[in-house]
Amino acid sequence: MLRRLLAASLPRLAPAARILPHRPAAYACDVLVARGAFVSSWRRYSAPSAERPAATCPQCSAPLPSALPACTQCYFVGKLDPAHTYHDLLGMSYEPNPFAMDSEALKQSYRRLMRVVHPDRWHGKGEGKVEAAQTLSSGIVAAYQKLENPMLRIQYILEHEGFPITEDDSGGDPEILHETMEYHEMIDEADTPEKLQAIGSEISEKIETVMEEITTLVGQKRWEDSKKAAVRLKYLLGIRTALSGQGFEH
Ligand SMILES: [Zn+2]
């Protein structure tokens, strides 16, 4: 909480703090709290979905402890509903903005679900229960991995909305390709840590900007524009990976 308040009170984070190659999970949240203007929308969008009524167990009718078909009263365990979004599964709101994500709430929800399907809980509760719980567990892990990573999250949202990023989208924009090539050359030619640091700061700033753009575009359901911004994010993240390969650390 202190970190959030601190971040929100600063117009911009210090450059070093904005380069987060090892913290993809926290990035979306950090970006959104980094600028005061986004704090209110971040709070509004990122609340876990509490409004959905709790489902009940089909076997004993007890309220289920999570969105999972797993009852910790009678040890009924079912299969995941393929119609559920990853957001549904992890108890996060898809509307009004599936891209805006409170990383901390997501992590807490993930941990809570993993406790529900933990093998120890299902051991000795009947034939096939542990295996069924493990199947749910794999589904939760897959959903969490998609949602905690901004790039995978926007790819998932675009797919879900019927606008998947294709090969053509990824390789088609000459402007992005040109910019990317220039950065890769700059990284190759950078002969001091200061030069790498400068490139890193520039890239982090661009990533921050494009993440804000994606948040806005997704909120407005402008899927084609969201896709273009997502492709740009992909290239920028690639440049940041190249920087990490050069020993650049935050
Ligand atoms: Zn039950």
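Restricting the range 106-125 to residues that are open to solvent by less than 60 Å² (accessible area, probe 1.4 Å) and away from the ligand (no atom under 16 Å from the Cβ), which is nearest to Pro58 (Cα to Cα)? Break it down into steps so the answer makes sense when it comes.
Going through the range 106-125, the residues open to solvent by less than 60 Å² (accessible area, probe 1.4 Å) turn out to be 106, 109-110, 113-114, 116-117, 119, 122.
Remaining after also requiring away from the ligand (no atom under 16 Å from the Cβ): 106, 109-110, 113-114, 119.
Numbers: Leu106: 27, Ser109: 23, Tyr110: 23, Leu113: 19, Met114: 21, Pro119: 21 Å.
Per the criteria, the residue is Leu113.
Restricted to the range 161-246, the set of helices (runs of 4 or more DSSP H) holding at least 1 residues that are closer than 28 Å to Asp102 by Cβ, of a type in the set (Ser, Thr, Tyr) and open to solvent by less than 60 Å² (accessible area, probe 1.4 Å) comprises 193-219, 223-245.
Among what's in the range 90-105 and is part of a helix (DSSP H, G or I) and open to solvent by less than 50 Å² (accessible area, probe 1.4 Å), pick the residue that is nearest to the ligand (Cβ to nearest atom). Applying the filter and picking the extreme gives Ala105. Is the range 67-89 home to any residue that is within 11 Å of the ligand (Cβ to nearest atom), in a loop (DSSP other than H, G, I, E, B), at pLDDT below 90 and surrounded by 13 or more Cβ atoms within 10 Å (Cβ to Cβ)? No; the residues of the range 67-89 include none that is within 11 Å of the ligand (Cβ to nearest atom), in a loop (DSSP other than H, G, I, E, B), at pLDDT below 90 and surrounded by 13 or more Cβ atoms within 10 Å (Cβ to Cβ). Whenever a residue of the range 141-159 is within 21 Å of Gln108 (Cβ to Cβ), its partners that are open to solvent by less than 40 Å² (accessible area, probe 1.4 Å) and of a type in the set (Val, Ile, Thr), lying with C-beta atoms within less than 9 angstrom and at least six residues away or across chains, give the pairs Ala143/Thr85; Pro150/Val31; Pro150/Ile207; Pro150/Ile214; Tyr156/Thr85. Checked against (1) in contact with a Leu (Cβ under 7 Å, 6 or more places away or on another chain); (2) at pLDDT below 95, Lys146 meets all criteria but (2). Check the range 50-57 and report whether any residue there is part of a loop (DSSP other than H, G, I, E, B), at pLDDT 90 or above and either open to solvent by 30 Å² or more (accessible area, probe 1.4 Å) or within 16 Å of the ligand (Cβ to nearest atom) (or both). Yes; the residues of the range 50-57 include at least one that is part of a loop (DSSP other than H, G, I, E, B), at pLDDT 90 or above and either open to solvent by 30 Å² or more (accessible area, probe 1.4 Å) or within 16 Å of the ligand (Cβ to nearest atom) (or both). If you check Val141 against the conditions, is it touching a Pro at 6+ places or on another chain (Cβ under 6 Å) and in a helix (DSSP H, G or I)? Criteria not met by Val141.
The values are calculated or read from the model by the stated rules, or taken from the named source; none is laboratory data. All figures in this text were calculated on a predicted structure; none of them were measured in a lab. When we count neighbours, we look across all protein chains shown, and the Cβ atoms used for this are built from the backbone with ideal geometry, even at glycine. Protein only, heavy atoms only, side chains kept; ligands, DNA and RNA dropped before computing areas. Shrake-Rupley method; radii C 1.70, N 1.55, O 1.52, S 1.80 Å.
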